[in-house]
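None of the figures in this text is laboratory data; all of them are computed from the coordinates on show. Just so we're clear, the structure is a prediction, and the values are computed from it rather than from any experiment. Here the Cβ positions follow ideal geometry from the backbone for every residue, glycine too, while neighbour counts run over all protein chains shown.
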Amino acid sequence: MGLLFGGRLTPADDLPVDDLWQPKVDAREDEVEMLVREAVSDIVGLPPMVVDRYTDLAEYGVDSVDAVELMVALEEDFDIRVPGRDLELLSTVDRIVDYVHSVVGNRAVREAEGIEFVDDEVRPGRR
């Protein structure tokens, strides 16, 4: 038995459960994690592999100015917009990786559905 995806029949047995519910993103999680570690390491002056995925960035001395610098780096690296109100969510590499996947995944879903977000306002997109 198969699933109807994008107008074509695909076998459900070939898809892991996560693939059925999670949008595809441009980069794999390990690639995203490495880019985030590199951005954090540039700010704190440590090698990327020393930056622990679950350690609060404040423990590395990241302050509000550094957080804004990190936000700009993320926006450039992943072609996303990080609203200032989301800075407090980005307290560890793990949370940043999840955030990037969420934003990129939501963008893919919006594009597929023809919805455009401009300054947090929903506008019908062009197809």
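Annotations for the structure displayed:
- Full-stretch length increase - residue 38, residue 76 - with 0.36 nm per residue and alpha-carbon distance subtracted: 12.4 nm
- A crude spin-label estimate for the pair residue 98 and residue 86, with each label 7 Å from Cα along the Cβ direction, gives 1.4 nm.
- FRET efficiency estimate (nearest 0.05) - Cβ-Cβ, residue 55 to residue 30, R0 22 angstrom: 0.75
- For 55, 92, order by how many other beta-carbon atoms lie within 10 Å, fewest first: 55, 92
- Using the empirical formula 2.2 N^0.38 Å as the baseline, the Cα radius of gyration of segment 27-115 reaches a ratio of 1.07.
- Relative contact order (%) - segment 27-115, alpha-carbon pairs under 8 angstrom, separation at least six: 33
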